[in-house]
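The values are calculated or read from the model by the stated rules, or taken from the named source; none is laboratory data. Note that the structure is predicted; figures quoted are calculated from it, not measured. Backbone-built Cβ (ideal geometry, glycine too); neighbour counts: all protein chains shown.
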């Protein structure tokens with residue numbers, strides 16, 4: 001039976017990939033040890049998603065393994081390598097701020113574990129497609145050098161600027177402040193490219209904008225829209241860091257991202273890199289996102305805005321999707337930003353508020 005191996009299988013993108021590829025007839029082997037609860041506390045635990053997947057997905061096999069440990073991973077590759085057609089690597093330490101607390105832990109998860117997974121793939125299933133969820137943070141704070149203008153609700157580029165439609169893959173990742181998280185992910189990103197270019201493996205880096213959707217276990221340090229909606233629903237106070245709440249992010253629904261993975265899987269290109277996110281279709285500032293959450297919930301959000309921004313954080317980031325869309329013209333985003341937020345609200349009312 002064709003097998004897909006998914007790391008971080010109970011996280012936002014991992015769990016969406018489990019459901020997507022199980023529906024395509026794959027046996028799904030998920031690797032997740034709920035380290036997210038170590039990063040962000042019990043409220044960010046993915047145990048609820050593990051329980052849901054095991055109940056719902058017939059051909060789902062869960063492995064509680066720390067991806068930093070080759071001795072734990074190798075038996076999985078030995079067992080399933082012959083049938084493994086696809087590896088989707090979504091497991092990560094995903095927060096700027098948390099990375100600075102434990103730099104060695106962050107690097108071991110984001111960079112060293114990626115190298116272990118690449119090498120095991122090369123040994124046991126070299127023909128498999130290897131998809132890595134990278135990040136726009138590999139560009140560091142270089143996007144902040146763009147000539148942004150302040151408007152009433154957002155920072156924005158002039159429509160005549162070459163990057164108005166979004167930042168493309170030609171932007172340099174060098175000589176900028178990345179945060180330690182951005183540096184560890186950039187290290188992994190380059191490794192994934194190198195295994196494609198040096199060994200001819202079918203590897204790809206998807207440099208994501210804000211990845212979102214109803215399956216996110218949002219927390220203060222990670223999961224922008226999910227955590228924002230949760231605060232609006234529960235009355236918890238939200239803190240905006242810097243830029244007057246006018247910082248802009250593009251947001252892509254997890255289903256649309258996993259569908260992009262599938263398009264790549266069907267026609268892979270070795271050592272490829274794609275910027276992927278909501279693009280010009282789906283982006284918002286913090287203030288604009290708050291207004292949408294308030295509209296959907298019918299509640300006012302309690303929030304404060306502090307002057308100090310997170311170190312290395314972007315003022316404005318929108319992904320240019322032209323390269324991926326050019327290679328895979330049949331891929332389209334199915335979800336608008338408002339549809340995504342409404343789904344986050346509707347699917348989490350009971351879990352977050354205890355009401356139906």
Whichever residue in segment 227-242 is outside any loop (DSSP other than H, G, I, E, B) and touching a helix residue (DSSP H, G or I) at 6+ places or on another chain (Cβ under 8 Å) and, among such residues, is surrounded by the most Cβ atoms within 10 Å (Cβ to Cβ): 229
Residues that are outside any loop (DSSP other than H, G, I, E, B) and under 14 Å from residue 13 (Cβ atoms), drawn from segment 206-224: 206, 207, 208, 210, 211, 212, 222
Considering residues of segment 311-338 that are in contact (Cβ under 8 Å) with a residue 24 or more places away in the chain and assigned to a helix (DSSP H, G or I) only, the residue farthest from residue 285 (Cα to Cα): 327
Residues of segment 22-39 satisfying the condition of being surrounded by 24 or more Cβ atoms within 10 Å (Cβ to Cβ), out of contact with any strand residue (DSSP E or B) (no Cβ under 6 Å at 6 or more places or on another chain) and outside any loop (DSSP other than H, G, I, E, B): 36
Counted residues, segment 280-310 - those being part of a loop (DSSP other than H, G, I, E, B), surrounded by fewer than 19 Cβ atoms within 10 Å (Cβ to Cβ), modelled with pLDDT of 95 or more and under 25 Å from the mean Cα position of the chain (by Cα): 2
Qualifying residue in segment 268-290 (condition: out of contact with any strand residue (DSSP E or B) (no Cβ under 7 Å at 6 or more places or on another chain) and free of Cβ contacts under 8 Å to residues at least 12 places away in the same chain): no
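Here's the yes/no breakdown for (1) farther than 29 Å from residue 3 by Cα; (2) touching a helix residue (DSSP H, G or I) at 6+ places or on another chain (Cβ under 6 Å); (3) in a strand (DSSP E or B):
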site: 97; (1), (2), (3): yes, no, no
site: 115; (1), (2), (3): no, yes, no
site: 118; (1), (2), (3): no, yes, no
site: 126; (1), (2), (3): no, no, no
site: 161; (1), (2), (3): yes, no, no
site: 164; (1), (2), (3): yes, no, no
site: 170; (1), (2), (3): yes, no, no
site: 177; (1), (2), (3): yes, no, no
Residue list for segment 122-136, filter: more than 26 Å from residue 173 (Cβ to Cβ) and crowded, with 22+ Cβ neighbours inside 10 Å: 125, 128
Matching entry among 67, 13 (being within 20 Å of residue 133 (Cα to Cα), outside any loop (DSSP other than H, G, I, E, B) and in contact with a strand residue (DSSP E or B) (Cβ under 7 Å, 6 or more places away or on another chain)): 13
Hits in segment 1-17 - residues which are within 24 Å of residue 207 (Cα to Cα) and either surrounded by fewer than 19 Cβ atoms within 10 Å (Cβ to Cβ) or under 15 Å from the mean Cα position of the chain (by Cα) (or both): 6, 7, 8, 9, 10, 11, 12, 13, 14, 15, 16, 17
Subset of segment 340-356 that is in contact (Cβ under 8 Å) with a residue 12 or more places away in the chain and farther than 20 Å from residue 44 by Cβ - its residue that is surrounded by the fewest Cβ atoms within 10 Å (Cβ to Cβ): 346
Check on residue 150, closer than 16 Å to residue 190 by Cβ, out of contact with any helix residue (DSSP H, G or I) (no Cβ under 6 Å at 6 or more places or on another chain) and surrounded by fewer than 19 Cβ atoms within 10 Å (Cβ to Cβ): no
Close pairs (9 angstrom Cβ cut-off, 6 or more residues apart or separate chains): under 21 Å from residue 77 (Cα atoms) in segment 43-62, at pLDDT below 95 and not in a strand (DSSP E or B) anywhere: 59/1
Failed criterion for residue 177 (all others in (1) crowded, with 18+ Cβ neighbours inside 10 Å; (2) under 22 Å from residue 106 (Cα atoms); (3) modelled with pLDDT of 95 or more hold): (1)
